[in-house]
Amino acid sequence: SPKQRGRKRNRSCRRHSLYVDFSDVGWNDWIVAPPGYQAYYCHGDCPFPLADHLNSTNHAIVQTLVNSVNSNIPKACCVPTELSAISMLYLDEHDKVVLKNYQEMVVEGCGCR
Amino acid sequence: ENNHASLIPEEGKKKVLGLQGRSATQSHELLRDFEATLLHMFGLKRRPRPSRSTAVPQYLLDLYRLQSGEAEEAGGQDIAFEYPERAASRANTVRGFHHEEHMEMIYAPDDGELTPLRFLFNLSSIPEDELLSSAELRLYRHQVNEDNVTLSADHGLHRINVYEVLKPPRQGQLITQLLDTRLVRHNASRWESFDVSPAVSALDSRSLHQEPGEDWEQLRPLLVTFGHDGKGHPLTRRSKR
């Protein structure tokens, strides 16, 4: 039924929202900006067979094939496949103000690897 | 260090403890290690503990807003300078330094010229692996009131020369190299930016401000360095998605 299929789709590997609020973690005294940011994270199943849009590697496909025969083999995992940077303005250990670009802070895409 | 706040405030900690069923000390250590790893990833040796009096220069806040696209989103009209694309295209780190106030000095040269001012900036906090590609010195110049200007022969123009002190000054002897020079108008209060990339020089502007009122923290000379530590992309401007 459509409801069932809907729920199944939700479970497969995809990007989920995750807002990191620096005041939540008590870092807002030294991070001047941003106050927080949308980091996202990846979660979900990597079903067999792996669909193209799950951006799977050959390794993941072989692993999933072997997994379908021998359940001891770990399944393909849902991980970030593309990440982007954010810049942060903060006060360092010496009370100096620093503006720095940090890599791989935001998940842009998820896939099965 | 043992009294520092952990990554998660108290109530969060209780929830985590409950979830993981670990002993309190084990979880506390786990969180502290986690925080240390993250701080290390940010290139920080320990968790910063800024003093309340630390002022964040408006210029660096505006640089962040321009670079992250926030200013563009908010219309960006209130920012009075151009984003330094060229300097930022070779840097992933921009640092701001105020001069060492206790080292300020007015240096009276013996040839009776105008009194040079000396600033000293302490850049020792820049990590070794960060190569500086450029630096600018920003000086705030108050407007000179009109009657003085009418008296002087320079028709409302001032020249500002920025020198690097090559050797620590000894009595009557000062070895300098000229870094940047500019003719400026008396009648406007504004920030002047000088390219001091070849080196850094220190000027004392306290004599410009007879009374260092509240806005001194926002108007004092600011040295801004642009560097790259080899990790990741430069701070080119990002358009908001």
Output for Cβ contacts, cut-off 6 Å, separation at least six or different chains, first residue more than 8 Å from every other protein chain (Cβ to nearest Cβ) in region B:34-52, second modelled with pLDDT of 85 or more and part of a loop (DSSP other than H, G, I, E, B), reads B:39/B:47
Name, by its number, the condition in (1) surrounded by 13 or more Cβ atoms within 10 Å (Cβ to Cβ); (2) under 17 Å from the mean Cα position of the chain (by Cα); (3) modelled with pLDDT under 90 that does not hold for residue B:31. (2)
I'm trying to understand the selection: among the residues of region B:54-75, which are free of Cβ contacts under 8 Å to residues at least 60 places away in the same chain and either more than 9 Å from every other protein chain (Cβ to nearest Cβ) or of a type in the set (Val, Ile, Thr) (or both)? B:54, B:56, B:62, B:71, B:74, B:75
Segments classed as strands (runs of 3 or more DSSP E), wholly inside region A:39-113, with at least 3 members that are buried (at least 17 other Cβ atoms within 10 Å of the Cβ): A:78-91, A:97-112
Check whether at least one residue in region B:3-16 is in a loop (DSSP other than H, G, I, E, B), β-branched (Val, Ile, Thr) and at pLDDT below 55, and report yes or no. yes
Just wondering, is there one or more residues in region A:45-58 that are of a type in the set (Gly, Ala, Ser) and at pLDDT below 85? yes
Within region A:38-50, is even one residue within 14 Å of chain B (Cβ to nearest Cβ), within 30 Å of residue B:92 (Cα to Cα) and not hydroxyl-bearing (Ser, Thr, Tyr)? yes
Among the listed residues B:80, B:108, B:71, B:87, identify the single one that is part of a helix (DSSP H, G or I), at pLDDT below 85 and aliphatic (A, V, I, L, M). B:71
Is region A:90-99 home to any residue that is aliphatic (A, V, I, L, M) and touching a residue at least 40 places away in the same chain (Cβ under 8 Å)? yes
Reported set for region B:134-150 where residues are modelled with pLDDT under 85 and either within 20 Å of the chain's Cα centre (by Cα) or of a type outside the set (Ser, Thr, Tyr) (or both) is B:141, B:142, B:143, B:144, B:145, B:146, B:147, B:148, B:149
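The values are calculated or read from the model by the stated rules, or taken from the named source; none is laboratory data. What you are looking at is a predicted structure, and each value in this text was computed from that prediction instead of being measured. Cβ coordinates were reconstructed from backbone atoms using ideal geometry, including for glycine residues, and neighbour counts include every protein chain displayed.
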